[in-house]
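Engineer: Pasting a structure here, questions to come.
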Amino acid sequence: MSAILESYAAGGWFRAADDGEPLLDAATGEEVARISSRGLDVAAMVRHARDTGGPALRSLTFHERAALLKALAKHLSERKEELHALSVRTGATSRDTMIDVDGGIGTLFSYASKGVRELPNDTVVLDGGLERLGRGGTFVGQHLYTSRPGVAVQINAFNFPVWGMLEKLAPAFLAGLPSIVKPASQTAYLTELAVRQIIESGILPEGVLQLVAGGAGGLLDELTVQDSVAFTGSAHTAGILRRHLNVLDGGVLLGVEADSLNCSILGPDVRPDDPEFDLFVKGVVTEMTVKAGQKCTAIRRVLVPETMAGQVIEALAARLAKVTVGDPRNPDVRMGPLAGLGQRDEVRKGVEALRASAEVVYGVPGSSLLDGDPERGAFMTPLVLRGRSGATEPHDVEPFGPVSTVLTYDGVEEAVALAARGRGSLVASVVTHDPQVARSVVLGLAPWHGRVLVLDRDDAKESTGHGSPLPVLVHGGPGRAGGGEELGGVRGVLHHMQRTAVQASPDQLTAITGRWTTGAARADSGVHPFRKSLAELRVGDTIGSAPRTVSLADIEHFAEFTGDTFYAHTDAAAAARNPLFGGIVAHGYLVVSLAAGLFVDPAPGPVLANFGVDGLRFLTPVKAGDAIDVTLTVKQITPRSGADYGEVRWDAVVTNQDGQAVATYDVLTLVAKTWPATPAQEA
Ligand code: NAP
């Protein structure tokens, strides 16, 4: 008997006392491992996550968490050959394995990078700007995100045992939530290996990642208000989880990524000799055959104009005929088996159901294989059906395998209406070179889909394809697809966090958020803040400049020097007729440039560079003779991990002689952590 898979629970590896159920190689039917979670103390796992993993994770800033994700991604990259070797037993070809293993690792890298670039080096995220709630500016509101002191339970489908785990783990980890991962039993041996590699690395704080190998048991019974469940799998299981008492009444958040009848639409503008025709056919065949069609994003419905159906079916058949099916160990095989015989039975049942309103136009169940035993391996050759007019089953039945149904439409409106009959899907694609078709179809599809791909000759070369969820884009769909949303860059992190509206005085808000808030006290220590290193600077440190009078000569000089001779700066008569200015005004950029001249401390010092300006607004025109001054205040200090400098965001307010705000913006600078510079900085 092969080894029984172990769970990683409460700081140690747990082995069930019974013999468990066998897990079989998808192609050969040989036993790969056995699985059981009998006797697993899921309550202890939840406690361990809450009491050990969560606090350790939340003591780290987003940047520190991101650095761990990056280290983890590197660690797994160095060991991916081991994962690749085992992946073949799930029925995956090397192309399928790349999507699962390398795609999962890529997702970690992507989140590591997003975490540093788009989240603060802090544990709180501000959402949106300050809301002034009273006339005097002493009562303000700010939305902020904080980490929940709970547990993220992640239940995954069998088709992506590595990517499925990592794409859920990475955002939850950045959000400060410890994860309990429960892979689908069928392919859990691959997830178990990845978790072993992660645990052995020692990179993640203990308690941040635990694994349930086998049934979930009473895991959901242990969850409460601050906990969440992210589920990927069938609509049937999603229904069971939705009815769990802790979800219904106990405040446990449930996110669902369920089955989905995705479609691809051939635009009415496309002719057989257009490049878009080939792109369309190629896309459908790829989605039918990658992972043997066991992808939640695969194209199940192929929507084409009535007049094109024959040509499309012919072209699909020609391409599919070249797809070799068999044991993925054979390098000449392009499509491996389904994950198991049980799955194949399910797909065959699905095809039978489809036949009520569609007929098979390509493919014969059980036709010849390149190699492999059709009795022991879960092989299935691709099938194309053509739906009859008014067909209903293709919009209801999801055969989770290499099966697609061609359906015809008459006009863009009908194409959109047919797509919507899937009752909400993860992804749709439209292949068209006509911008009007693209607009009508995309705006029609968008409310029904989480992602829409518009494919044509211009983006095809770089396109990542219909079926690939990307870490930076939202994955999930409305309605039948589950209504959940994952990934999408930082959006996926914020889903796990609590948004709270905080109402307070500017000083209190500054203390709470660690970021200076308009209206809060400023501190002028007499030392120019540009002379202070990151270690010495404090939020609220400020410098107020002397005034400078802007002359007509300044404006004329700036116009000539820069070439910006817009009439409002150069032509008094025309400027007088301008309804906003009523006369010559200074260039906005002149005002900003003069302001820099007013606040800059010129000598070499800890401020190393200005790397941008955010939120620049010109509020009041500046005319010749006006005197402007500027107040610069430290708003936010973000040390960069691994660098000897950090970012300082300064609040800048330029005012005129009447105290009116002329311009407001944030100045972004890089400031040395210590000063005088270390030898490395000087080099
Ligand atoms: P499934 O049978 O629903 O199983 C999904 C997961 O739920 C497995 O880990 C399973 O564990 C677990 N599970 C089953 N019953 C449970 C219960 N009562 N309590 C807690 N967990 C339970 O789906 P599947 O057959 O693995 O996957 C195929 C389906 O997933 C297809 O319909 C496909 O469309 C969908 N899918 C969707 C997405 C997406 O992102 N939207 C991605 C991939 C797949 P066991 O394996 O141990 O039973």
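The values are calculated or read from the model by the stated rules, or taken from the named source; none is laboratory data. Model, not experiment: these values are computed from the prediction. Note that we place each Cβ from the backbone using ideal geometry, even for glycine, and neighbour counts take in every protein chain shown. Note: accessible area is taken over every heavy atom of the protein model, side chains too, but ligands, DNA and RNA are not part of it. Shrake-Rupley method; radii C 1.70, N 1.55, O 1.52, S 1.80 Å.
Engineer: Counting DSSP beta bridges in the stretch 43-257, what percent are antiparallel, to the nearest 5?
Structural biologist: 25
Engineer: Could you derive backbone 3J(HN,Hα) for the stretch 374-387 from the dihedral phi with the Karplus parameters 6.51, -1.76 and 1.60 (θ = phi - 60°), listing whole Hz in sequence and x where the residue is Gly or Pro?
Structural biologist: For the stretch 374-387, the Karplus curve yields x, 7, 8, x, 8, 7, 7, 8, x, 10, 10, 10, 10, x Hz.
Engineer: How many angstrom lie between the C-alpha centres of the stretch 91-127 and the stretch 410-443?
Structural biologist: If we compute the Cα centre of each part, the gap is 30 Å.
Engineer: State the answer as a single residue: which of Ala3, Ala112, Gly128 lies farthest towards the positive end of the charge dipole of the stretch 1-141, with beta carbon charges of +1 for Lys and Arg and -1 for Asp and Glu, about the Cα centre.
Structural biologist: Gly128
Engineer: Using the structure shown, list the pairs from Lys114/Lys673; Lys74/Lys635; Lys322/Lys349; Lys74/Lys673; Lys114/Lys295 with a Cα-Cα distance above 30 Å, or answer none.
Structural biologist: Lys74/Lys635
Engineer: Could you derive backbone 3J(HN,Hα) for the stretch 571-586 from the dihedral phi with the Karplus parameters 6.51, -1.76 and 1.60 (θ = phi - 60°), listing whole Hz in sequence and x where the residue is Gly or Pro?
Structural biologist: These are the phi-based 3J(HN,Hα) values: 10, 4, 5, 5, 4, 5, 8, 5, x, 8, 9, x, x, 4, 10, 6 Hz.
Engineer: Pairs of Cα atoms under 8 Å, at least six residues apart: use those to get the relative contact order of the stretch 522-682, whole percent.
Structural biologist: In percent, rounded to a whole number, it is 28.
Engineer: Here's something else I'd like to know. If the viscosity is 1.306 mPa s and the temperature 10 °C, what Stokes-Einstein diffusion coefficient in µm²/s follows for the stretch 262-479 when Rh is the Kirkwood radius over Cα pairs?
Structural biologist: The Stokes-Einstein estimate is 92 µm²/s.
Engineer: Can you pull the percent of the chain's accessible area that's carbon plus sulfur, 1.4 Å probe, other chains left in place?
Structural biologist: 53
Engineer: In sequence order, what are the phi-derived ³J(HN,Hα) couplings for the stretch 178-190 according to the Karplus relation 6.51 cos²θ - 1.76 cosθ + 1.60 with θ = phi - 60°, rounded to whole Hz, with x for glycine and proline?
Structural biologist: Residue by residue, the stretch 178-190 yields x, 10, 10, 9, 10, x, 5, 4, 3, 10, 5, 5, 6 Hz.
Engineer: Sticking with this one: Going by alpha carbons, how many degrees (0 to 90, nearest 10) lie between the helix axis of 62-78 and the longest principal axis of the chain?
Structural biologist: With both axes taken from Cα atoms, the answer is about 40 degrees.
Engineer: Give me the percent of DSSP beta bridges within the chain that run antiparallel, rounded to the nearest 5.
Structural biologist: That works out to approximately 60 percent antiparallel.
Engineer: Run through every distinct alpha carbon pair of the chain and return the Kirkwood hydrodynamic radius in angstroms, one decimal place.
Structural biologist: Result for the chain, one decimal place: 28.5 Å.
Engineer: Go through 544-554, 206-216 and give me the packing order, highest mean Cβ count within 10 Å leading.
Structural biologist: 206-216, 544-554
Engineer: To the nearest 500 deg cm²/dmol, what mean residue ellipticity at 222 nm is calculated for the chain from DSSP H runs of n ≥ 4 alone, each contributing -39,500 (n - 2.57), summed and divided by the residues?
Structural biologist: Computed ellipticity for the chain at 222 nm equals -8500 deg cm²/dmol.
Engineer: Dipole magnitude of the stretch 508-588 about its Cα centre, charges +1 at Lys/Arg Cβ and -1 at Asp/Glu Cβ only, in debye to the nearest 20?
Structural biologist: Computed about the Cα centre, the dipole is about 480 debye.
Engineer: In angstroms, what radius of gyration and Dmax does the stretch 269-358 have, counting Cα atoms only?
Structural biologist: 14.7, 42
Engineer: What is the stretch 112-254's relative contact order, in percent, from Cα pairs under 8 angstrom and six or more apart in sequence?
Structural biologist: With pairs under 8 Å counted, the relative contact order is 22 percent.
Engineer: Let me ask something else. Give the peptides 298-309, 136-147 in descending order of average Cβ contacts within 10 Å, highest first.
Structural biologist: Highest to lowest by the protection proxy: 298-309, 136-147.
Engineer: A follow-up question, please. Nearest 5 percent is fine: what portion of the DSSP beta bridges confined to the stretch 262-479 is antiparallel?
Structural biologist: Taking every DSSP beta bridge with both residues in the stretch 262-479, the antiparallel ones total about 15 percent.
Engineer: Whole Å is fine, so just give me how far the alpha carbon centre of the stretch 331-381 lies from that of the stretch 499-539.
Structural biologist: Taking the Cα centre of each part, the stretch 331-381 and the stretch 499-539 sit 64 Å apart.
Engineer: Same structure, new question: Suppose every Lys and Arg Cβ carries +1 and every Asp and Glu Cβ carries -1, with no other charges. What dipole size does the chain come out with about its Cα centre, to the nearest 20 debye?
Structural biologist: Here the chain has a charge dipole of around 880 debye.
Engineer: Counting only residues 5 or more places away or on other chains, whose amide H sits under 5 Å from the amide H of Tyr645 once H atoms are built in the peptide plane?
Structural biologist: HN-HN under 5 Å from Tyr645: Arg640, Lys673.
Engineer: Calculate the FRET efficiency for Glu81 and His557 from the Cβ-Cβ distance with a Förster distance of 51 Å, rounded to the nearest 0.05.
Structural biologist: 0.20
Engineer: So, one more: With Kirkwood's inverse mean 1/r over C-alpha pairs for Rh, give me the Rg to Rh ratio of the stretch 143-184, two decimals please.
Structural biologist: With Rg and the Kirkwood Rh in hand, the quotient comes to 1.05.
Engineer: Sticking with this one: How do the peptides 574-586, 481-493 rank, highest first, by the average count of neighbouring beta carbon atoms within 10 Å per residue?
Structural biologist: Listed from highest to lowest mean packing, they are 481-493, 574-586.
Engineer: Further question on the same structure: Distance in nm between label sites at Glu413 and Asp221, each 7 Å beyond Cα in the beta-carbon direction?
Structural biologist: 5.5
Engineer: What is the set of long-range amide H partners of Leu24 at a cut-off below 5 Å, with H atoms built 1.01 Å from backbone N?
Structural biologist: Amide H to amide H, under 5 Å and 5 or more residues apart or across chains, Leu24 pairs with Val32.
Engineer: Same structure, new question: May I ask you to derive the relative contact order of the chain, considering only C-alpha pairs under 8 Å and at least 6 residues apart, and to give it as an integer percent?
Structural biologist: Answer for the chain is 12 percent.
Engineer: May I pose another question? How much FRET efficiency would the formula 1/(1 + (r/R0)^6) give for Phe581 and Arg135, where r is the Cβ-Cβ distance and R0 is 41 Å, rounded to 0.05?
Structural biologist: 0.90
Engineer: Next question. Considering only protein heavy atoms, what per residue accessible area in square angstrom results for the chain with a 1.4 angstrom probe?
Structural biologist: 41
Engineer: Along the Cα→Cβ direction, 7 angstrom out, place labels at Lys349 and Ala56. What is the inter-label distance in nm?
Structural biologist: 4.3
Engineer: In terms of modelled amide H atoms, which long-range or inter-chain residues lie less than 5 Å from the amide H of Asp541?
Structural biologist: Counting only residues 5 or more places away or on other chains, the set is Ala523, Val634.
Engineer: Okay, which of the stretch 625-655 sit inside 13 Å, backbone N to the point 7 Å along the Cα-Cβ direction of Thr549?
Structural biologist: Inside the label zone: 625-628.
Engineer: At Asp658 and Ala603, where each label point lies 7 Å from the Cα along Cα→Cβ, what is the point-to-point distance in nanometres?
Structural biologist: 4.0
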